[in-house]
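Remarks on the structure that follows.
Every read-out reported here was derived from the displayed coordinates using simple, explicitly stated rules and does not represent laboratory data. No experiment lies behind these values; they were computed from the predicted model shown. Quick reminder, even Gly has a Cβ in these numbers, built from the backbone with ideal geometry, and neighbours come from all protein chains shown.
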Number of protein chains: 2
Amino acid sequence: MRRAEASKACPHNPAVSCNNCRLSGICLPLALESDEIVKLDNIVQRGRPLPKSRHIFREGDAFTSVFAVRSGAVKTYSITDAGEEQVTGFYFPGEVVGLDGIGQNRYASSAVSLEVSAICEIPFSQIEDLSGQLPNLQRHFFKLLSSEIVDDQRHITLLSKNTADERVASLLVSISARQARRKLSASAFRLPMSRADIASFLGLTVETVSRVLSRFAKQDLIRIDNKEISDLDVEGLKAAANLQP
Amino acid sequence: MRRAEASKACPHNPAVSCNNCRLSGICLPLALESDEIVKLDNIVQRGRPLPKSRHIFREGDAFTSVFAVRSGAVKTYSITDAGEEQVTGFYFPGEVVGLDGIGQNRYASSAVSLEVSAICEIPFSQIEDLSGQLPNLQRHFFKLLSSEIVDDQRHITLLSKNTADERVASLLVSISARQARRKLSASAFRLPMSRADIASFLGLTVETVSRVLSRFAKQDLIRIDNKEISDLDVEGLKAAANLQP
DNA sequence: GCACAGGCTTGACTCAGATCAACCGGAGCC
DNA sequence: GGCTCCGGTTGATCTGAGTCAAGCCTGTGC
C-alpha cells in the first residue's frame, strides 16, 4: 500500500494520469472506482508548469472549468468595493479552486500561482455530464462544495472571534496539517505566500503578522528564516490557537 | 404574470405544493420545468408551522436533509472551541439551510427558528437520485452550493476589512434587498433576530451594534422601534456600507 | 559587484471598538 | 398592581491591533 503510493509518479510531470498521480488519494479521484477514474481522466486537461504569479482565472471571467492544484500553491483573492485585495484562500496540491464560479457562471474571485505550479483543468460542463452518469462523482462534487462552505464558515468564526495570535497560529496549524495529509513534514515547510497575503487572509496588517511570527519564534513555537518555517510545535500552536488537540 | 404570482397560495399553508408556492420563483423550483417541479414536489416534506426558538437540526447531527424556509426566519450558528456561539447566517423565505452537512455527513452548524416559521424538508438522498435524472436540478444544486460559498466569502471580506458602521449598514442593505426580492417592502421590516445575534454575525459586541443603530437613526438613515425598522434609506446605507450602488 | 526596489521587521503612538457598569422598559408571573 | 428578568441602550474607561515611521534584508537587474 505504502509502496504503491510511493511508486506513483511525481505530480510535476504533466504526462501522469489521475490513476497514477500521487495525489489520487486526496484529490478528485478520491471517491471513484478505477474504471470511473479513467472516465474522469479523459476530461482532465493537464497544463505545462505555470510560472510564479500567473493568473489561472480572474474575477468576472466567464466560468468554464474548475482547477486542481497538482504541485506548487495558489491563492485566491477578490477586490473589495474599496479597491483593496482580499485574499480568500490558499490552495495546495490536491485542492480544487474555481468552485465559486458555478453560481453566477463567472468566477467570483481571481486565482494566482504563488510559486511554479502544475494545474489540472477540468471543464465543468463535462463534470456535469459525467456526474449524471457516475453517482459517486456527483456525490463527491457535492461534498467538495459543501466542504468549502464549512471551511469558509470556520474562517468566518476565526475572523469574528479570535485574536491576532490565534489567527496566525490557526493558519500555521492548518498548513502543517495539509502538509501531513500529503505525507510531507508537518513541522518544516516553506510558506509560499507573502506576509501581506497572510495579513489579508487573516484580517490583520503586515506589521501585526510580522510581530506575531517573531513572538512565536521567541516562544520556540516555530523557527523562522524568512519564508522557511521549521521546528514547528504543533501542540503548542494548537494551544495558542485555542483549538482542541 | 404579476397576477399569477399574487394568486399563489400563502407560504404559511402547509398544504401548498411547490408549483403553487409563492416562493417558486426564488426557491428550489427556480430552474425547473413544470413537470420537473412535480417530481421535486413529491419528495418535499412540508412541516406544521414551527414555533419560535426550535431547532431544525443541531451541529453534529447525522445529515439527512436540506431545509427550505417557507415562512418566518432562521439563524444558523456553531459553537466555537472557546464555547461561544458564532452566528453564521440568517435565512429568509426561499432560502435553503443545511448545505454544510453534505461534506461530512453531519451538520456543521445548528439551525433555529427566530420566529414562527414553516420549513420544507427535502431528503438529500432523494435529491441526489433525482439530480441524476434531472440535469436542471443537479445544476441548480451545484449553483446553490456555489452561491453559498460566494456569500460566505463576501462575509469574510466584510469581517476582515470593514468598520462596525459598514458591517451594520451592509446587513441592513442585505436584508432590505432580500425583502425586495420577495416583493415586500425594502424600507420597512421587522428584524427577527436579537441584537446579540446581529453582533455575533458581524463580529462585534451588542453594545457596538446598539450604538451604531442609534447613530444611524440620528442620521435619518433608519427609524427604529425596538425590532421594527422603517424609513430605511437604501442609498444612504449603501454609501455608509461603502458599497457600489 | 553594486544599486535599487520591494518585502519584512521593529518601535512609538493612536484609536476603534471592547469591556465594565449603570440604567431603562416591556413581557411574563404571582 | 407590583416584581423580576431579560434584552436593549448609554456612558466612561481600557486595550489590542492599526497607523506612521524608520531601518534592514534579500533578491534582481544592470
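For region B:162-175, does any single residue satisfy the condition of being away from DNA strand D (no atom under 16 Å from the Cβ), touching a helix residue (DSSP H, G or I) at 6+ places or on another chain (Cβ under 6 Å) and farther than 18 Å from residue B:96 by Cβ?
For region B:162-175, residues away from DNA strand D (no atom under 16 Å from the Cβ), touching a helix residue (DSSP H, G or I) at 6+ places or on another chain (Cβ under 6 Å) and farther than 18 Å from residue B:96 by Cβ: present.
Out of region A:191-206, which residues are part of a loop (DSSP other than H, G, I, E, B) and in contact (Cβ under 8 Å) with a residue 60 or more places away in the chain?
A:192, A:193
Please go through region A:226-235 and give me each residue that is crowded, with 16+ Cβ neighbours inside 10 Å and part of a helix (DSSP H, G or I), ordered by number.
A:234
Restricting to region A:209-225, name every residue that is more than 8 Å from DNA strand C (Cβ to nearest atom), among the β-branched types (Val, Ile, Thr) and in a helix (DSSP H, G or I).
A:212
Could you please give the count of residues in region A:73-87 that are within 18 Å of the chain's Cα centre (by Cα) and either without any contact (Cβ under 8 Å) to a residue 60 or more places away in the chain or over 14 Å from residue A:199 (Cβ atoms) (or both)?
4
Residue A:217 fails exactly one of the following numbered conditions: (1) farther than 17 Å from residue A:91 by Cβ; (2) within 10 Å of DNA strand D (Cβ to nearest atom). What is the number of that condition?
Residue A:217 satisfies every listed condition except (2).
If we keep just the residues of region B:161-190 that are in a helix (DSSP H, G or I) and within 12 Å of DNA strand C (Cβ to nearest atom), which is surrounded by the most Cβ atoms within 10 Å (Cβ to Cβ)?
Selected residue: B:168.
Scan region A:145-158 and report the pairs whose first residue is more than 10 Å from residue B:152 (Cβ to Cβ) and whose second residue is buried (at least 24 other Cβ atoms within 10 Å of the Cβ) and of a type in the set (Gly, Ala, Ser), with Cβ atoms within less than 8 Å and a gap of 6+ or a chain change.
Pairs that qualify, where the first residue is more than 10 Å from residue B:152 (Cβ to Cβ) and the partner is buried (at least 24 other Cβ atoms within 10 Å of the Cβ) and of a type in the set (Gly, Ala, Ser), are A:146/B:101.
Under the condition of being in contact with a Pro (Cβ under 9 Å, 6 or more places away or on another chain) and among the acidic types (Asp, Glu), which residue from region B:24-82 is nearest to the other protein chains (Cβ to nearest Cβ)?
B:36
Among A:135, A:123, which is within 9 Å of chain B (Cβ to nearest Cβ) and surrounded by fewer than 20 Cβ atoms within 10 Å (Cβ to Cβ)?
A:135
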